[in-house]
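The values are calculated or read from the model by the stated rules, or taken from the named source; none is laboratory data. Because the structure is a prediction, the values reported are computed rather than measured. Ideal geometry is used to build each Cβ from the backbone, glycine not excepted, and the neighbour counts take in all protein chains shown.
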Amino acid sequence: MIINNIEKFLDWVLLRKLDLSYDASRHKLRIYDQRKTIGDLWLPFTLSFNPETNGVTKVEKNWIVFLIRAGTAALGYFEEGTNAEHKVIRAYMVRKKQGKSQIKYLKTKGKSRAGSRVRLEASEKFFEEINEKISEYLNKYPIDYIAYSCSKTLWPYLFTAEGKLKKDDPRLFKVPAHIQEPGYEKLLKVNDLLQSSNLIIDEKNPCYFSEYVDKPEQAPEEDDNW
């Protein structure tokens, strides 16, 4: 559920004496009713939250977005929400018959065949290109957030001794959506999501926010097909 008027929504929440807990690492608010979780409000990168006043203020931020699936990656640098640079990287690293990436295959079958070695080399080059581009952004621009979507299997291959991206970087932010196929259009769509106030209602309390009325104009339709 997209919240168009976040100030009005927070006033509505506090008027009902609901509790808020701010998670800085995920830049989101967890909403409670008598210690019972009823929803999470993902905040836009363009807003900062003050836990003392429960208020938000506009801020100027820059961020990187990278989306990775086996054989395809989309990366971009966004300056105050506007895409300044982007790159799409592709590699031959998926076994056609099994539809399994070479990295996953190696864990069970090894790399004895010539085709496997070719895919492995392509996989290594694939992550080298990703690391080089992310390092370039980090060296070139002042970065406040590093938003990503990457499977657990591929995640360890992102971090190298030469690369600027580190596993414990506090700017890392997992995109709250599943990305099926990375590309430039998906990159822009994720960027829009990162600049929106997105309320995720707890499944056990689906009607809790039904009384809340947002702006009179119709909110943009939500699309789950990522």
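Residue-wise test of (1) under 14 Å from ALA74 (Cα atoms); (2) touching a helix residue (DSSP H, G or I) at 6+ places or on another chain (Cβ under 9 Å).
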| residue | (1), (2) |
| --- | --- |
| PHE126 | yes, yes |
| ASN131 | yes, yes |
| ASP144 | no, no |
| SER149 | yes, yes |
| THR153 | no, yes |
| LYS164 | no, yes |
| LYS167 | no, yes |
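Tell me which residues, restricted to the stretch 158-176, are surrounded by 16 or more Cβ atoms within 10 Å (Cβ to Cβ) and under 14 Å from the mean Cα position of the chain (by Cα). Of everything in the stretch 158-176, those that are surrounded by 16 or more Cβ atoms within 10 Å (Cβ to Cβ) and under 14 Å from the mean Cα position of the chain (by Cα) turn out to be PHE173, VAL175, PRO176. Only a single item in (1) free of Cβ contacts under 8 Å to residues at least 60 places away in the same chain; (2) in a loop (DSSP other than H, G, I, E, B); (3) not acidic (Asp, Glu) is not met by PRO182, and it is number (1). Name the single residue that is farthest from PRO176 (Cα to Cα) among those in the stretch 63-94 being at pLDDT below 95 and surrounded by fewer than 17 Cβ atoms within 10 Å (Cβ to Cβ). So, considering only residues that are at pLDDT below 95 and surrounded by fewer than 17 Cβ atoms within 10 Å (Cβ to Cβ), the one farthest from PRO176 (Cα to Cα) is TYR92. Pairing each residue of the stretch 197-226 that is among the aliphatic types (A, V, I, L, M) with any residue that is modelled with pLDDT under 60 and in a loop (DSSP other than H, G, I, E, B), provided the two are 6+ apart or on different chains, yields no C-beta distance under 6 Å. When TYR148, TYR137 are checked against the criterion of being in the same structural domain as PHE78 (by TED's automatic domain parsing) and assigned to a helix (DSSP H, G or I), TYR137 stands alone in meeting it. The single condition among (1) farther than 26 Å from SER48 by Cβ; (2) in contact with a Leu (Cβ under 8 Å, 6 or more places away or on another chain) that ALA177 does not satisfy is (1).
Whenever a residue of the stretch 1-12 is touching a residue at least 24 places away in the same chain (Cβ under 8 Å), its partners that are loosely packed, with under 14 Cβ neighbours inside 10 Å, lying with C-beta atoms within less than 7 angstrom and at least six residues away or across chains, give the pairs ILE2/ALA219; ILE2/PRO220; ILE2/GLU222; ASN4/LYS215; ASN4/ALA219; ASN5/LYS215.
If you filter the stretch 151-200 down to residues that are of a type in the set (Lys, Arg) and closer than 29 Å to GLY39 by Cα, you find that the one that is modelled with the lowest pLDDT is LYS152. Output the number of residues of the stretch 32-62 satisfying the condition of being farther than 16 Å from ASN5 by Cβ and either surrounded by 14 or more Cβ atoms within 10 Å (Cβ to Cβ) or not basic (Lys, Arg) (or both). Final tally of qualifying residues: 17.
Those strands (runs of 3 or more DSSP E) of the stretch 3-80 in which at least 2 residues are among the β-branched types (Val, Ile, Thr), considering only elements entirely within it, cover 36-42, 55-58, 62-69.
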